[in-house]
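No value in this document is a laboratory result; all are computed from the given coordinates. Source: prediction; values computed, not measured. Cβ placement follows ideal geometry from the backbone for every residue including glycine, while neighbour counts extend to all protein chains displayed.
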């Protein structure tokens, strides 16, 4: 079974994205990056990206992760916090701990293309 299905499919991804947005917007470390972004547009792209990253049926046609994050000066600490917040959102929708670990492993592969500044 695909990770996308194990987590709960489209309904779970939509719930995760909504919860995640609330978490990163309220996080003092992360909110500066998210307060200047069109929330609807970012949530749309995040939903599509997560669907693809978790082997779902959608195609991601947004910018590459490198291009989307270029110049944002994302720190290693911020990246780690983003992954943590996503794990919390997955847990909130009832994802199994093993599936959360699998998602985190996939996201950790993005670290070299997202992080500009190690901290």
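Numbers for the structure displayed
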| item | result |
| --- | --- |
| Efficiency of FRET between residue 14 and residue 63 - r from beta-carbon atoms, R0 25 angstrom, step 0.05 | 0.70 |
| On Cα atoms only, tilt of 76-92 relative to the major axis of the chain in degrees | 30 |
| The chain - percent relative contact order, Cα under 8 Å, separation 6 or more | 36 |
| Degrees separating the helix 97-108 axis from the principal Cα axis of the chain, which is the longest one | 40 |
| The chain: angle of helix 9-26 to the longest principal axis, Cα-based, in degrees nearest 10 | 30 |
| Solution diffusion estimate, µm²/s, Stokes-Einstein, the range 3-114, Kirkwood Rh from C-alpha pairs, 37 °C, viscosity 0.692 mPa s | 232 |
